[in-house]
Amino acid sequence: MIVLWILLGLLSLLLLLLLVAAVHTLLIPSKKSTYVPQPDPARALAYGKTLARMIQYETVSKPDTDQREKFLGFHQVLKELFPLVHERLEKTEIDGNLLYYWKGRSSARPLVLMSHQDVVPAEGEWLHGPFSGDIADGKVWGRGASDTKCSVMAFFQAVEELLRAGYTPPNDVYLSSSCTEEWAGDGCPKLVAELERRGVKPYLVCDEGGGIITEPIGGIHGNFAMIGVFEKGKADVRFTAESNGGHASTPKKHSPIARLSAFVNEIETHRVFRRKMPDEVAAMFRTLAPYASFPLKLVFTNLWLFKPLLLQVLPLISPQAGAMIQTTMAFTMQSGSDAFNVMPQQATLGANLRFIPHQGMEESLAIVKKLADKHHLTMEVYHASDYTRPVDIHGEAFRTVQETVAKTFPGCAGSPYVMTGATDARNYQKICDNVVRFAPVVYGPEQMKGMHGLNENIQYDCLPGAVDFYKNLIDAVK
């Protein structure tokens, strides 16, 4: 009887909590994302043609290769497209990487606008040639259209038009563009070192990373400005299992491949890393909540009640959302014997880890090392770096970006966002406290799929908004 009363009491408490959550949800007005690009068609097409010219010059970067001459050729294209920028701004070129200085009325709060020149290789069969720069179906097609010559074009165009109007920025402006971003090369670090040499400490850096994302979470419709506020850390790791080999007709237990497989299975089927909701992710859910259908709105509005449930189900619902709450580990490469009937003397496995702030590089790698030892594997770590410190989402700089989004894209909510990938922006963390990742273009499902994939493109009707965003941001940093 006592147990029954306890169960009834718990059920009553749960019903009361759900009632409180439901009432709280109903008191929050629902909203609808209404932003859709509606530019002057002639202006949008002109920008599309400018971007097409930039795409037509192939800028695939190769790791650890001197490609300065190639990028010097691309710089000539930029000079032709943006003559006033090259006439009036101070240009510095370092091994193909670019830095432009535009003197403002003050040097107290320097602004850096950045995105990279280089692109990844283009393989496979494309509807339009990967370096054709074709304009068709309202889109500009080709490698770099969305990642990210679109934003390079937009901030160059913004400065070009402001110069033509005789405008002087309230603070110094720097345009920064590396040619090694796609393989995390030394291009951007060289530009940062140059600014350090000059004693420049930027107030705000705006790089790629986030964007205006169409339906950022399933069930939340419309366009939303997802502003990246920090990057997860990353490491490439190789695991090796060894044995004496032998003929496959007399296999021994615990072969190298079997041990690697057991290791992978343990990580894939057990919760290895802790899940925790960063403040920035909680803020994202609260921002998106009014735009959601009632069930999602109920959950996102009442994280005090539903956070434990969200931590359980997010990785099942969305890999992107799941990656925002824990360290992740993806297995990407594998090798073993070269023959079907030969047991390998050595088998290897490659993995990519992405570290979350509540369980950073050292702790995450220690967990993995312990599991590798359990399965008698050796572990080698390559290219490791920890997460970057977050932008203060309650601070003035982030608020400036949000206000610029609201001014430029009416009806488009601006939300904090966690970058699960990596950008050049991390290099600026050493000299700037406010590094945001936001490309002011619209990325729908087709554009997201095309990044680093087939048929990359961008809708050119979003390009005027991107140009205007940079203009407004330059004017807002006072």
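The values are calculated or read from the model by the stated rules, or taken from the named source; none is laboratory data. Owing to the predicted nature of the structure, the values given are computational and were not obtained by experimental measurement. Positions of Cβ are backbone-derived with ideal geometry, glycine not excepted, and every protein chain shown enters the neighbour counts. Protein only, heavy atoms only, side chains kept; ligands, DNA and RNA dropped before computing areas. Shrake-Rupley method; radii C 1.70, N 1.55, O 1.52, S 1.80 Å.
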Legend entry - Relative intensity, log₁₀ I(q)/I(0), of region 175-226 from a Debye sum that treats every alpha carbon as a point, q = 0.18, 0.27, 0.29 Å⁻¹: -0.73, -1.05, -1.12
Inset, instruction - State the percent of C-alpha pairs, over all pairs in region 420-466, separated by a distance greater than 14 angstrom. - result: 63
Inset, instruction - Please give the calculated 222 nm ellipticity per residue for the chain, where each DSSP H segment of at least 4 residues contributes -39500 (n - 2.57) and the sum is spread over every residue; nearest 500 deg cm²/dmol? - result: -12500 deg cm²/dmol
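Across every pair of different alpha-carbon atoms, what Kirkwood hydrodynamic radius in Å does region 268-370 reach?
Over region 268-370, the inverse of the mean reciprocal pair distance is 16.1 Å.
Given the peptides 270-276, 446-452, 258-264, arrange them by the average over their residues of other C-beta atoms within 10 Å, most packed first.
258-264, 446-452, 270-276
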Inset, instruction - Compute the signed sum of charges (Lys and Arg +1, Asp and Glu -1) over the other residues within less than 13 Å, Cβ to Cβ, of A42. - result: 0
Inset, instruction - Would you work out which of A165, S115, I135 lies farthest towards the positive end of the dipole of region 101-186, given +1 charges on the beta-carbon of Lys and Arg and -1 on that of Asp and Glu, about the Cα centre? - result: A165
Inset, instruction - Would you mind putting 215-225, 314-324, 56-66 in packing order, based on average other-beta-carbon counts within 10 Å, highest first? - result: 215-225, 314-324, 56-66
Legend entry - Candidate lysines - alpha carbon under 22 Å from K471, same-chain residues fewer than 8 apart omitted: K49, K79, K91, K103, K149, K201, K407
Legend entry - Rounded accessible area per residue of region 128-209, 1.4 Å, Å²: 28
Legend entry - Charge context of D95, other residues only, Cβ under 13 angstrom, K/R +1, D/E -1: -4
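Classify region 298-422 from the C-alpha gyration tensor, please: rounded if a/c falls under 1.5, else prolate or oblate depending on whether a/b exceeds b/c.
prolate
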Inset, instruction - Largest first and to the nearest Å, give the Cα extent of region 98-222 along each principal axis. - result: 48, 34, 32
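With 45 Å as the cut-off, how large is the P(r) tail for the chain, expressed as percent of Cα-Cα pairs? Mind dumping the intermediate values first?
Values: 22230 of 114003 pairs.
So the pairs more than 45 Å apart make up 19 percent of the total in the chain.
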Inset, instruction - Determine the per residue accessible area of region 270-372 with all protein chains present and a 1.4 angstrom probe, expressed in square angstrom. - result: 49
Legend entry - Rg to Rh, two decimals, where region 141-195 supplies the alpha carbon set and Rh follows Kirkwood: 1.05
Inset, instruction - List, largest first, the extents of the alpha carbons of region 22-181 along their principal axes, each in whole Å. - result: 63, 50, 36
Legend entry - Cα-based reach from K449 at 16 Å (exclusive), listing lysines while leaving out same-chain residues under 8 positions away: K139
